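Working notes for the structure below.
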Amino acid sequence: MKYISGIIAILLLSVFAACEDETKTCDSTLLSDLGMNFKKDTLQGFLVKDTIWPKVTLYAIGNDSVLIRRQPRSSAFMPLDPLHDTCRFYLQLDSIATPDTLTFRYKRVPSFVSPGCGFATFFSLDTVITTYNTIDSIHINNREVNSSNDTHISLFFIY
Amino acid sequence: MIRTFLYSLSISLAGLLTQAAQAQVKPAPAARDTSIKRTTTDTSAPRKPVKATSEVLQPPRKDSFYITGGGLRLGLDISRFAIHAFQPYRTDIAIQGDVRLGRKIYAAAEVGFNRTSHSDSSYTYKGNGVYTTLGFDYDFLKKKDPNEKNMVYLGVRYGFARNSYEAPNYLIKNGYWDVETPGSFPKTNMVAHWIELTFGMRVEALPNFFLGWAVREKILLSKNSPDNFDPLVIPGFGSGSKSSQFDLTYTVSYYIPLYKLKFNETKRMEKLKRKEEKKKLHQ
């Protein structure tokens with residue numbers, strides 16, 4: 001008998017949870033940005049560590065606003081162009097380093113995120129092309145760019 | 001006078017006592033030759049095996065039955081109207097029914113309709129569909145009167161829903177590229193299957209008029225909605241983006257007597273006895 005009040009309380013809570021208006025709250029992120037991190041490759045791939053570049057500058061070519069301006073970073077997020085199937089980014093990792101250009105080709109998929117968040121454009125990565133001025137190599141970890149905040153590509157450097 | 005009365009009374013009592021004594025004492029055998037003589041032919045009747053006295057005394061076995069009413073209990077789930085207050089985009093109607101199949105077993109079904117309509121600055125959604133659940137309830141209420149129709153039950157159901165929905169317009173905003181992408185999602189049809197576990201009770205508040213509540217846990221088995229567009233609501237199941245859903249129902253129902261059910265009580269008691277004996281043996 002002593003557990004009955006507890007059981008009733010749990011039931012009521014569950015009922016209220018089930019009756020929650022899902023259109024009022026956005027519980028998932030709407031930022032379907034492409035995640036990228038930087039890796040330092042030593043001993044020819046035998047020792048790979050995360051690395052921080054001291055003055056990272058990143059922006060989309062053809063877009064005036066700069067995403068990152070001379071900031072120390074070990075990772076970055078890039079919003080892909082929702083109106084086209086390709087976009088290019090300028091990436092300079094240090095003030096003295098030669099800048100690189102990253103080109104992304106992808107498919108756009110409008111997707112329903114949740115009743116509270118509505119719709120967002122998700123991307124399915126097809127190709128990533130880069131110049132190799134400072135970048136040594138590139139690896140695609142996950143081709144599906146959705147609201148999961150993954151690290152989709154890793155850039156490797158040798159120095 | 002009194003003397004005469006007492007005399008006659010004593011005579012009559014003595015007479016009665018003598019009669020009683022005669023009844024007790026067997027009459028003496030007649031004076032004749034009692035020596036055993038051999039008979040030339042066997043005149044004895046063939047002997048039948050003697051039965052045990054206890055068996056002879058038992059009356060012939062008859063199974064005892066009881067007859068109780070069976071019928072259809074039809075009800076309206078009024079909790080669906082309360083859900084509309086919490087989730088204004090949902091309009092649901094649910095009708096539940098059950099029929100008694102056995103002593104403890106009931107067949108249960110539910111049919112319902114759902115209409116979903118939502119609109120905000122980011123998207124507009126429209127959907128409607130129907131659903132049905134079919135299953136069984138096991139009544140574990142110990143009844144004093146076999147005709148009692150109250151029940152406390154555990155049940156299992158299979159649910160199936162068909163839904164059609166669309167997003168006539170949506171708007172995707174992107175801050176960095178400073179663009180707004182409008183679009184629409186065409187009408188999509190989907191079906192969903194789930195399993196429901198339920199616990200509840202139904203009480204006869206007035207003759208043939210029942211009030212009942214139940215808690216339900218629904219587990220989604222499959223749905224064939226497109227990956228990039230889950231429905232807001234799956235009729236009868238609940239949220240279209242969840243794989244399990246808890247729910248509470250409150251039903252007002254009416255019982256329509258339709259047929260009679262006959263139960264063999266003797267067999268049941270024998271079964272119970274056997275079970276008890278088995279239990280004792282195991283112990």
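Screening B:Val111 against (1) among the β-branched types (Val, Ile, Thr); (2) surrounded by 16 or more Cβ atoms within 10 Å (Cβ to Cβ); (3) out of contact with any Asp or Glu (no Cβ under 6 Å at 6 or more places or on another chain); (4) under 30 Å from B:Tyr254 (Cβ atoms) leaves a single unmet condition, (2). Of the residues B:Lys242, B:Lys267, B:Lys260, the single one that is out of contact with any strand residue (DSSP E or B) (no Cβ under 7 Å at 6 or more places or on another chain) and exposed (fewer than 15 other Cβ atoms within 10 Å of the Cβ) is B:Lys267. You will find that of B:Asn174, B:Asn189, B:Asn147, the residue that is of a type in the set (S, T, N, Q), under 31 Å from the mean Cα position of the chain (by Cα) and either within 14 Å of chain A (Cβ to nearest Cβ) or farther than 18 Å from A:Ser114 by Cβ (or both) is B:Asn147 and no other. Within region A:101-122, one or more residues are at pLDDT 90 or above, over 16 Å from the mean Cα position of the chain (by Cα) and away from chain B (no Cβ under 14 Å).
Being at pLDDT 90 or above and surrounded by fewer than 17 Cβ atoms within 10 Å (Cβ to Cβ) is true for just one of A:His139, A:His152. Which residue is that?
A:His139
Table: residues versus (1) modelled with pLDDT under 95; (2) surrounded by 16 or more Cβ atoms within 10 Å (Cβ to Cβ); (3) within 14 Å of chain A (Cβ to nearest Cβ).
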| residue | (1), (2), (3) |
| --- | --- |
| B:Tyr66 | yes, no, no |
| B:Phe81 | yes, no, yes |
| B:Gln96 | no, yes, no |
| B:Ile105 | yes, no, no |
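Checking region B:102-116 against the condition returns a match, with at least one residue being closer than 14 Å to B:Pro235 by Cβ and aliphatic (A, V, I, L, M). Scanning region B:216-267 for residues that are of a type in the set (A, V, I, L, M, F, W, C) and part of a strand (DSSP E or B) gives B:Ile219, B:Leu220, B:Leu221, B:Val233, B:Ile234, B:Phe246, B:Leu248, B:Val252, B:Ile256, B:Leu258, B:Leu261, B:Phe263. Residue count for region B:154-176, restricted to those that are of a type in the set (Val, Ile, Thr) and either under 30 Å from B:Phe136 (Cβ atoms) or surrounded by fewer than 20 Cβ atoms within 10 Å (Cβ to Cβ) (or both): 1.
The values are calculated or read from the model by the stated rules, or taken from the named source; none is laboratory data. Predicted, not measured: the structure shown is a model, and the values here were computed from it. Note that we place each Cβ from the backbone using ideal geometry, even for glycine, and neighbour counts take in every protein chain shown.
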